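I have placed the structure first, in the form of structure tokens, so that the comments after it can refer back to it.
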Amino acid sequence: MNGTLKGLLRLYPIARNWTVLSNYIVPLQTIQKVSRVYNTSLTDRTQLEDCISPIEKNYVSIDFKPYKYMEILEKVARNYTNMTVHNAVDAIFALFKAPKNLEEDVKDLQNIKQHIGFMRLCEVLNKNIRLMKINEIIISLRMLIYFKISANCVLTQSLLQMIRANVNEISLQDTINIIVILKKMDSTPLRDALLIALPVVFEAQLPTKLDPDNIFMLTQSLRFICESSINNPKIQNTILKSLQKFEKDLDVQTAWSIFCSLCVASYPSPMAFELLFNIQKTLISDAKQLSIQEIISALYKLILVTARNKEYGCKFYNEALVDAFVNSALSAEIPFDNSIYLLKNLNELNYAHIPFLEYLAAKCFEQPNLLKDASYLRVFVFLEGLINADYKPVFWDIIRDAILANKVNKFDGRSMIKFALYLIALDCYSPCLISKVFTQIIKTNEPMKNIHMRELLLLYQSIKTLYPMYNGPWPSQDILEHAVSIQRTLHPILPTSSLKMALELALGGPQYIHNSLRTKLGHYIDHVVVMRKGGYPIAINTVTPNATNITYIEDIQTPSESQMILIFNLPEAAYAVNSQRLKSTWSLKIKSVEALIKTNAIAINSNSWMKLPEYERLPYLMRAIRLKCKDNSFLTK
């Protein structure tokens, strides 16, 4: 294994030059003249402490604990000649623990790095680096990251060289810790080589080094191989088999960790899905023990796995689990900021949770400024949650006014289209906002993505048909025609199955149904039938259509005392995943067509229809059609 690592390192000639540095004393200017400072998220002390194992948290010697950082540095500057390397590690960790105001004053960090005491510490560490234990090397690397010391610094590279030399003695836990640290460092040849080699080392050593009775290491190892994309079924099953011994006795934190790991696994084995069921049971029963951040993180992982893999992603989705997460957040009285992030995840999952929306609405009712002063993201996420559930809260009038009072000028034209469309879908008509949206589109006249063109077309159709009193500016005819052409050639989301053959069988033949029609405003209707008294269909499709001509629904001639019925074959995405309620934007499409043609429409959930037994599908369609007839005179007694 050491040969494998050395082979990888030979790809980097610069890295080999560091082997002579084990006893090299770092010159003061090496620390003073840092070539560059790399970015790291480890600037928050609590965040860094969370990365340190319990043993490391208590590592600092008692002598250093009471001191402020300047006192520690002065003490080091006076006594560094008598310090061992272990004292130096104690001291640098004490600097991390010492009271500072880094969040408020970055000068503290700069003062530490430039102080002679800090430079002396680095000298002691590098001079005696061969005497350091692996856990001291890991702590030192973490501290150098925290103090934003360059990855090209001699001391940093010497520490990495020590890791390379001791690769066979490193435990699995230490390997994981080192890789976490390396990912937070800037790229250097040695760092990059270790990032390639250490996962290989981990994979090779796991079968012999993993303790099958150590639940902590089992969960850490599973997380590591999943996040590192180690696609080795044998290794995965070794961990999963050991975890199965504990599956009925897992605490909720361990279950949460395993769930998050399995969600990011590239190729979960069959054994993973056996474990998943019990993991979800634990999470459902004990969800209230999870923090808000853990709940949001688990939902985010669930989004990733369901979106990434259509084959097995559905096995991770569990309505009871999502409900348990949201109910847990509600019982903890989740703050408004966090609730928006939680709602964003629910929107991504296409999940509607009315009690959670009621909770948010109550917050906004109590504090209207939460929406008046909110960013576009917050307002959009909130509105999208209402749209997905087709829900207007009790306090809608006050919430609507707060949203309209928001400074929408800060939104760009494309954002404003969806903003206005969502409000219209929730029956909130603001001529001022509509005028602003259409005016901005006229002014910019820039190309738009297809999705924005579709949204603009629906907004235009809805205003034309549902709010004829609007007398402001309109998008240009060129833009509208382009939007209609996109709608014709690119159907945004296809339904699960076609209703055409089923309708022909139910009604008696293709002559009784028109398919794929348009309105002159650009609406798309899947099917049209016309019914006469007695509930019988009328033949309306008796002429062979010309492929080059578009048949508009307005041009269909219907006999007197007959009724036209529009049929929309809707995809699964038109509904919330946990509800059969039609989303507000899809409902808006149907309302707009109904207002234009002055007739009734039927919305068929294609996915639900296909799940019916075959013998129920045709009767279902006929019942739906007859229920839309205006009065009983159209039905056979």
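Leaving out ligands and nucleic acids, and using a 1.4 Å probe, what accessible area per residue does segment 93-219 come to in Å²? Present the calculation step by step, with values, prior to reporting the outcome.
Details: 4440 Å² over 127 residues.
Computed with neighbouring chains in place, this is 35 Å² per residue.
List the trypsin sites (Lys or Arg not before Pro) in segment 556-613 that DSSP assigns to loop (not H, G, I, E or B) and whose Cβ has at most 12 other Cβ atoms within 10 Å. Which are they?
Counting only loop positions with at most 12 other Cβ atoms within 10 Å, the trypsin sites (Lys or Arg not before Pro) in segment 556-613 are Lys598.
Taking the Kirkwood radius as the inverse of the mean 1/r across Cα pairs, report the Rg/Rh of segment 210-332. Before the final figure, lay out the partial values.
Values: Rg = 13.6 Å, Rh = 14.4 Å.
Reported Rg/Rh (Cα atoms, Kirkwood Rh): 0.94.
Can you bin every Cα-Cα distance in segment 295-433 into 10 Å intervals starting at zero and give me the percent of pairs per bin, rounded to whole numbers?
P(r) for segment 295-433, in whole percents per bin: 11, 42, 31, 14, 2.
Pairs to check: Lys245/Lys611; Lys315/Lys583; Lys75/Lys97; Lys407/Lys520; Lys464/Lys628; Lys449/Lys598. Give those whose C-alpha atoms are more than 26 Å from each other in this structure.
As for pairs spanning more than 26 Å Cα to Cα, those are Lys245/Lys611; Lys407/Lys520; Lys449/Lys598.
Using only C-alpha atoms and all pairs of different ones, pull out the Kirkwood radius for segment 499-629 in Å with one decimal.
On the way: mean 1/r = 0.0649 Å⁻¹.
The Cα-based Kirkwood calculation yields 15.4 Å.
I'd like the carbon and sulfur percentage of the solvent accessible area for segment 314-354, probe radius 1.4 Å, heavy atoms only, ligands and nucleic acids excluded.
Carbon with sulfur: 47 percent of the solvent-accessible area.
Averaging over every viewing direction, what projected area does the convex hull of the Cα atoms of segment 179-243 cover, in nm²? Could you put the intermediate results ahead of the total?
Numbers: hull surface 17.7 nm².
If you wrap the Cα atoms of segment 179-243 in a convex hull and average its projections, you get 4.4 nm².
At 1.4 Å probe size, with every protein chain present, just tell me what the per residue accessible area of segment 499-629 comes to in Å².
Spelled out: the 1.4 Å probe surface of segment 499-629, per residue, equals 48 Å².
The values are calculated or read from the model by the stated rules, or taken from the named source; none is laboratory data. Every value quoted in this text rests on a predicted model; they were computed, and no experiment measured them. Heads up, the Cβs are rebuilt from the backbone with ideal geometry, glycines too, and the neighbour counts pull from every protein chain shown. The protein model used for the area step is the full one, side chains on, heavy atoms only, and it has no ligands, DNA or RNA in it. Shrake-Rupley method; radii C 1.70, N 1.55, O 1.52, S 1.80 Å.
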